[in-house]
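Working notes for the structure below.
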């Protein structure tokens, strides 16, 4: 028994070594580009540093400063608002499109591609086109509104009260395709016999949707909510190109504020502290979601 | 974009870690290796708009200094400082770089130039009062090569067509407003704007600075009239609407070259841009320059300036050679070259003036005004003023007034408050 065991453990060990060797490139990448920077920026959040010279440890000073930083407060509120607007609408629209496409309509592939296309289009290009669409005097939206007899249509991106909403519209349009594909995959995993059984029991279309489709889709829905919230907090590129945080500070979101602090004002320590607060917020929201999932997610 | 941003952040953090750990250890100036034949290689970062003229200057410089090799690098203006700072903080930086000194002074890597200036027997009289004004703690940390003065460019062809007399060199802002109104006409494709003001806060706040006010003053009430004027110009319809400018990403150069703008208030570098446009055939009208309008009670030909200078890395391995080029470009010879291209240079004497005015074959005809301009700094060259006060507070708050969201009075009140909270509390100690 003993020698055989030894041989076996040797093979296992060798196999493991091979396995780790295959993982190595990835692990090195993870260490270098994720873990070390994450730790470094955590340490940095307790310092004051402009990129040059001595790094000064200032303890919790950066975090204290955040409490009465008006820019941070405004961007925080904007980020939350942006999340509250964009996540539910994105998920709703993508579920509806996925369900519609799953009905076996004609040209499914064409529609699927059409919905997914914005997601794979470069953000800069998307932003440039939407800038034209939203143009207050020459754009098609306001052109139509004015023809319909509305004298002073909103300025969209150039109006402080509409800018965040306009950016959300672009964001939703841009990301619906991605979630739609996830939902479509989820829908295709729902076995037909459930629907057949329900039909035999006399269930209509609507009650099938609410009693079969939605519960069976709940794991996907849970996943997409988490990802959706995280992504909406991370929005930066669209804002950078579409509004630059303006007008005023109406679209100043958290990541934009972090970017400004780190790369325009060169306060790396302070920016790291902001990033960690953002991380904490996302973490808390995700934990709440995970706790809540037991109530509505069916596996 | 998102990915590139996070990558940049990651790289930065790694650099931070490495620099942090090796603190006070062996700091290296740059990574440029010298070739074996005794040649010295230098690396220099320049503003994108200035790259061509620096390359030209280097061609001339090389004739007398065959042993100095210089490579130039540039980045888009918007990211210029973040890029060069990242390079410099990694130790793999530049021997020389151009820029506005306030963006770099906090790094502590600017080499004091006093000794080099003394040793080289350089004549600093050409820099005028700027030589003293821009010293930091009594030391010279940079030398200016151009001044970025503001001027009023006007489209002569449009004025001729309308039979309106050209703008004068002694015009108040109210007269400017009337003139702009007179020059405005048409709609849609045929729209002619009386004036164009780039969507920078400087274009509205300049009239307050002409009176001697500064953007970090505790009392910012002089800025009320300035902001009101811009609001009024838009109300008159004589300038493009702010919201339209922002949403179309309008740019002074393309806008003015299009030919439907009568007057454009912008910096001295626009001369070179228009000459370039003429060469390429995109400028199809006659044009000239006059000093910018002035507030009531302020002498004519009062302008704003913002010196752009060359700075030297104190960690450079070849300070002598680097200073040679710095001296060349900011001194008399470089100034003559820059002036002949249409830039108002930091260094001025009779020969540079002659080069600036040219032989009369080149437009614009009336550059001579700018040799006698009285200048106020566009903003005080202190840390954080540009990034926080001008580009955030004045821009963000001013914008709300310009799109009619808030009254001018409330806006200036809010600006005053934010300058105190966000800038003065940090830097004005």
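None of the figures in this text is laboratory data; all of them are computed from the coordinates on show. Just so it is clear, the model here is predicted, and its values are computed rather than measured. Here Cβ is always computed from backbone atoms with ideal geometry, including for glycine, and neighbour counts include all displayed protein chains.
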How tilted is helix B:51-64 with respect to the longest principal axis of chain B? Cα atoms for both, answer in degrees (0 to 90, nearest 10). 40
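What per residue convex hull volume, in Å³, comes out for region B:291-339 when only alpha-carbon positions are used?
Here the figure is 103 Å³ per residue.
Calculate how large, on average over all directions, the projected area of the Cα convex hull of chain B is; give the answer in nm² to one decimal. Let's see the in-between values first.
Numbers: hull surface 91.8 nm².
Averaged projected area of chain B's Cα convex hull equals 23.0 nm².
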Summing -39500 (n - 2.57) over every DSSP H run of at least 4 residues in chain A and dividing by its residue count gives a helix-only mean residue ellipticity at 222 nm, to the nearest 500 deg cm²/dmol, of -23500 deg cm²/dmol
What do you get for Rg/Rh over region A:12-87 if you use C-alpha atoms and the Kirkwood form of Rh? 1.23
Region B:114-160: radius of gyration and largest Cα-Cα distance (Dmax), Å: 17.5, 55
I need the fraction of alpha carbon pairs in region A:68-118 separated by more than 11 Å, rounded to a whole percent. 74
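What is the Cα convex hull volume of the protein assembly as shown when expressed per residue in Å³?
Values: hull volume 175.1 nm³, N = 728.
Hull volume normalised by residue count: 241 Å³.
Working out 0.36 nm times the residue gap between residue A:84 and residue A:48, then minus their Cα-Cα distance, what length gain in nm do you get to one decimal? Mind showing how you got there, number by number?
Values: separation 36, 0.36 × 36 = 12.96 nm, distance 3.35 nm.
Roughly 9.6 nm would be gained on extension.
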Where in region A:171-197 does the amide nitrogen come within less than 15 Å of the point 7 Å from the Cα of residue A:114, taken along Cα to Cβ? A:177
State the Cα centre-to-centre distance between region B:218-254 and region B:123-175 in whole Å. 20
Given the Cα-Cα distance of residue A:103 and residue A:161 and 0.36 nm per residue of separation, how much length would full extension add, in nm? 17.0 nm
Give the distance, in whole Å, between the Cα centre of region B:352-383 and the Cα centre of region A:4-47. 63
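From largest to smallest, what semi-axes in whole angstrom does region A:97-253 give when each is the square root of 5 times an eigenvalue of its alpha carbon gyration tensor? Before the final figure, lay out each step's value.
Numbers: eigenvalues 273, 69, 44 Å².
Rounded to whole Å, the semi-axes are 37, 19, 15.
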Which value, in nm² and rounded to one decimal, describes the direction-averaged projected area of the C-alpha convex hull of region A:2-44? 4.0
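Return the average number of partner chain Cβ atoms within 10 angstrom of each residue Cβ along peptide B:415-424.
Working: counts 0, 0, 1, 2, 0, 0, 4, 3, 0, 0.
Mean partner-chain Cβ count within 10 Å for B:415-424: 1.
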Determine the percent antiparallel among the DSSP beta bridges restricted to chain B, to the nearest 5. 55
Three semi-axes of the equivalent ellipsoid, region B:220-360, Cα gyration tensor, whole Å, largest first: 34, 21, 17
With a 10 Å Cβ neighbour count serving as the proxy for reagent exposure, in which order, fewest first, do B:184, B:299, B:98 appear? B:299, B:184, B:98
List B:275, A:16 from most exposed to least, where exposure is judged by having the fewest other Cβ atoms within 10 Å. A:16, B:275
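With the cut-off at 14 Å, report for region B:344-389 the share of all Cα pairs above it, as a whole percent.
I get 61 percent for the Cα pairs in region B:344-389 exceeding 14 Å.
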Angle between the Cα long axis of helix B:319-330 and the longest principal axis of chain B, 0 to 90 degrees, nearest 10? 20
Least to most buried among A:180, A:83 (fewest other Cβ within 10 Å first): A:83, A:180
In nm, the gap between the two label points placed 7 Å beyond Cα toward Cβ at residue A:63 and residue B:285 is 6.0
Report the residue, chosen from A:244, A:29, A:19, that carries the largest GNM mean-square fluctuation when chain A is represented by alpha-carbon nodes joined by springs under 10 Å. A:19
Can you grab the distance from the C-alpha centre of region B:42-80 to the C-alpha centre of region A:236-299, Å, no decimals? 39
With chain A reduced to its Cα atoms and the Debye formula applied, log10 I(q)/I(0) at q = 0.07, 0.08, 0.15, 0.16 1/Å amounts to -0.42, -0.54, -1.23, -1.29
Could you give P(r) for region B:155-207, binned at 10 Å from zero, as whole percent values over all Cα-Cα pairs? 20, 51, 27, 2
Could you pull out which residues in region B:88-117 have an amide N less than 13 Å from a spot 7 Å beyond the Cα of residue B:73, following the Cα-Cβ vector? B:88-98
Listed residues A:283, A:23, A:221; largest mean-square fluctuation, Gaussian network over chain A with Cα springs below 10 Å, found at A:23
How far apart, in nm, are the 7 Å Cα→Cβ label points at residue B:314 and residue B:258? 4.9
Let me know the Rg and Dmax you get for region A:213-264 when you use only its Cα atoms, in Å. 15.4, 49
Compute the distance in nm between two label points, each set 7 Å from the Cα along the Cα-to-Cβ direction, one at residue A:92 and one at residue B:62. 6.5
Note the direction-averaged projected area, equal to a quarter of the hull surface, for the Cα convex hull of region A:162-233, in nm². 5.8
Taking N as the number of residues in region B:29-133, what is its Cα Rg relative to 2.2 N^0.38 Å? 1.17
